[in-house]
Amino acid sequence: MPVKTIEWADDAVRIIDQTLLPTEVRYLDITDVETMWEAIKSLRVRGAPAIGIAAAFGLYLAVRNSGATDYPAFMAEVDRAAGYLATSRPTAVNLFWALKRVQRLVQENASLPIPRLKQRMLDEACTMIDEDNAVCRAIGEHGAGLLAGRAESILTHCNAGGLATAQWGTALAPVYVMAERGQAVRVYADETRPLLQGARLTAWELQQAGVPVTLITDNMAATVLSHGKVQAVIVGTDRVAANGDVANKIGTFGVAVLAHEFGIPFYVAAPTSSIDMSLATGELIPIEERKPEEVTEGFGRRTAPRGVSVFNPAFDVTPNRYVTALITEKGVVRPPYVESLKTLFHLT
Ligand code: MRU
C-alpha cells in the first residue's frame, strides 16, 4: 500500500481524508478530540482496525493538555473522553477494544507522574500501529496460503484494505502478499452502496498497488459468482461474535448467501481485536443506522423523492453457517466456531 492511513507526525494524528478519495488525496492533521470524533463519525477515517487506532490517539489528544495534578482527577478525564469517543460509531468492536486498552494502561500505571502517563498513552497508540502492521501481515500470509493454487480471482465487499487499517489491510492483505510473491491474483470489487467504499477506496488502493481490479455494482455479484469469475470471496469484519456470526458492511450477508449457493468459499479476515467473545451471537451486535441522506442524496445529487422513508443500516450480520473460515493473525479458524474460537483465545 502506497499510503499510510493513520500515523503520528508533527505532534498530530495524520490521517488521509477518505471522504475525498478517489479524486483528491488530502491529509488532515488532527490535534483535538472533537475533530477526531467527527473524523470517525463522518468516515474520514474508517474501517474497524483504523478507527480503533484513531480512538486510541483521540484519547491521548483529549488529555494531553490536561491540568490534572493527581491520578484520580486525571483518570476521570480519561474515562470521560473514552465515553465520548465511544459514541462516535457503535458496531466495530475495535473502537471499544482500543479505548479499554488505553484506559487499562493508565489504571495499571497509576503511580506514575501525570506527564509520564500522558507519554505512555501516546506510546500505546503508536504501538497499535506497529501491531496492526504485523497482524495484517500475518493475516496476509495465512490467507495467501489458503488461496494459493486454488483462487486467482477473488471478490470483496466494501474496503477492508490498507485504508481500513494502518497500512496493509485485512481482507486485501492476502492479495498483496500474493502479488508480492509474483502469484497471479485479481479482485472483483463490489461498489458497496450507499457510500461506495468499494468503488472509491478498494478500487483506488488496488489500482495504486498495481493489482488488477474490476469494479461491479452490488447487484452484479450474483452474475459474477454464478459465471465462475471468482474462486473465493474475502471480506473484513467489524465484529465477530463468539459463535462466529460476522458483522460487516451492509450487503455482506447477501454475498455470503450467494457464495454458498454457488459453492464458493466465503472467508472473513478477522484480527483477534475484531472478535468479541462477550457476545454469544451476532444478534447482540449493535448495528449502526446512518442518516437517510446517504441513500437519497449521496455525494450531493438527489436520487429519491423528498420525504420518502428510508432504512439505512450500515452493517449486517452473516450467520456463521455461511462462513467457510475466519482468517486471523493466529491462523485459520474453522467451524464449529463456538469451540474453535474458544481454543483460539485459550478459554475453557
Ligand atoms: O463503514 P465503514 O467504511 O467503516 O465499514 C467498513 C467495513 O465494513 C469493513 O469491511 C470492516 O470495518 C473491516 S476493515 C478491515
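The values are calculated or read from the model by the stated rules, or taken from the named source; none is laboratory data. Because the structure is predicted, anything quoted here is derived from the model rather than measured. Cβ coordinates were reconstructed from backbone atoms using ideal geometry, including for glycine residues, and neighbour counts include every protein chain displayed. These area figures cover heavy atoms from the full protein model, side chains too; ligands, DNA and RNA do not enter into them. Shrake-Rupley method; radii C 1.70, N 1.55, O 1.52, S 1.80 Å.
Per-residue SASA remark: C126, around 40 Å² accessible (1.4 Å probe; ligands, DNA and RNA not included). Taken about its Cα centre, the chain carries a charge dipole of roughly 400 debye when the Cβ of each Lys and Arg holds +1 and the Cβ of each Asp and Glu holds -1. Just so you know, the Rg over Rh for the chain is 0.97, from Cα atoms, with Rh as the Kirkwood radius.
Dividing the Cα radius of gyration of the range 142-344 by 2.2 N^0.38 Å, with N the residue count, gives 1.00. For a modelled paramagnetic label at E293, 7 Å from Cα along Cα-to-Cβ, the residues of the range 310-334 in reach, with backbone nitrogen under 19 Å, are 310-314. Put a dot 7 Å past the Cα of T217, heading toward its Cβ, do the same for D17, and the two dots end up 2.9 nm apart. Springs join every pair of Cα atoms under 10 Å in this Gaussian network model of the chain, and among V13, V240, V25 the largest mean-square fluctuation is at V25.
The largest accessible area among W37, W204, W168 belongs to the first residue in W168, W37, W204, and the rest follow in falling order (1.4 Å probe, all chains).
Peptides 283-294, 47-58, 89-100 ranked from most to least packed give 47-58, 89-100, 283-294, packing being the mean of other C-beta atoms within 10 angstrom over each peptide's residues. Here the label points at T69 and N312, each 7 Å from Cα along the C-beta direction, are separated by 4.9 nm in the simple model. Taking each residue as 0.36 nm, the span from E180 to T31 lengthens on full extension beyond its C-alpha to C-alpha distance by 50.1 nm. Taking every protein chain into account, the 1.4 Å probe leaves Y27 with about 100 Å² of accessible area, to the nearest ten.
For the chain, modelled as a Gaussian network with Cα springs under 10 Å, which listed residue fluctuates most, A160, A173, A232? Per the Cα network of the chain with a 10 Å cutoff, A232 tops the list. Once the Cα-Cα distance is subtracted from the 0.36 nm per residue extended length, the R334 to S42 segment shows a gain of 101.6 nm. Surface analysis of the range 142-344 yields an accessible area of 40 Å² per residue, using protein heavy atoms and a 1.4 Å probe. Using helices alone, what [θ] at 222 nm do you get for the chain, with -39,500 (n - 2.57) per DSSP H run of 4 or more residues, divided over all residues and rounded to the nearest 500? Helix contribution divided over all residues of the chain: -12000 deg cm²/dmol. Put a dot 7 Å past the Cα of A9, heading toward its Cβ, do the same for R301, and the two dots end up 3.3 nm apart.
Surface listing: L155, L28, L347 arranged by accessible area from highest to lowest gives L347, L28, L155, probe 1.4 Å. What is the list of residues in the range 71-88 whose amide nitrogen lies under 20 Å from a point 7 angstrom out from the Cα of T127, following Cα to Cβ? Within reach of a label on T127, which here means backbone N under 20 Å from a point 7 Å along Cα→Cβ, the range 71-88 contributes 75, 78-79, 82.
Using a probe of 1.4 Å on the protein chains alone, the accessible area found for F311 is around 150 Å².
Of the accessible area of the range 142-344, computed with a 1.4 Å probe over protein heavy atoms only, carbon and sulfur atoms account for 53 percent. Residues considered: E205, E77, E180. Largest GNM mean-square fluctuation over the chain, using C-alpha springs under 10 Å, is found at E180. For the range 260-269, backbone phi angles converted through the Karplus equation (6.51, -1.76, 1.60; θ = phi - 60°) give residue-by-residue couplings of 4, 4, 9, x, 9, x, 10, 9, 10, 7 Hz, Gly and Pro being listed as x. Cβ-Cβ distance of I114 and Q208, R₀ of 45 Å, FRET efficiency by 1/(1 + (r/R0)^6): the value works out to about 0.60. Compared with the direct C-alpha span, the chain from Q231 to T343 gains 37.4 nm at full extension, assuming 0.36 nm per residue.
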